[in-house]
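Structure record follows, encoded as structure tokens.
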């Protein structure tokens with residue numbers, strides 16, 4: 001009966017809204033990760049194409 005001793009305190013307690021669980025990864029990092037996963041195969045294919053074009057040019061210079 002602590003509230004009876006102190007008349008300044010209210011009997012109504014503040015109820016906090018339920019807290020959302022904290023995300024493991026922020027939305028920004030998730031989007032950047034997905035973009036990186038999509039970009040890696042594109043860069044690999046472009047590099048592969050450039051290597052093949054250079055290989056063909058080198059073969060032509062040596063007369064094959």
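Read-outs: derived from the displayed coordinates by stated rules, not from any lab. Quick caveat, the model's predicted, so the values are computed rather than measured. In this analysis, Cβ positions are derived from the backbone assuming ideal geometry, glycine residues included, and neighbour counts consider all displayed protein chains.
Which of 53, 19 has the fewest other C-beta atoms within 10 Å, and how do the rest follow up to the most?
Numbers: 53 10, 19 6.
If I rank by nearby Cβ atoms, fewest first, I get 19, 53.
If each residue of separation counts as 0.36 nm, what is the full-extension length gain between residue 23 and residue 48 once their alpha-carbon separation is subtracted? Can you show the working numbers first?
Values: separation 25, 0.36 × 25 = 9.00 nm, distance 3.78 nm.
Length gained, residue 23 through residue 48: 5.2 nm.
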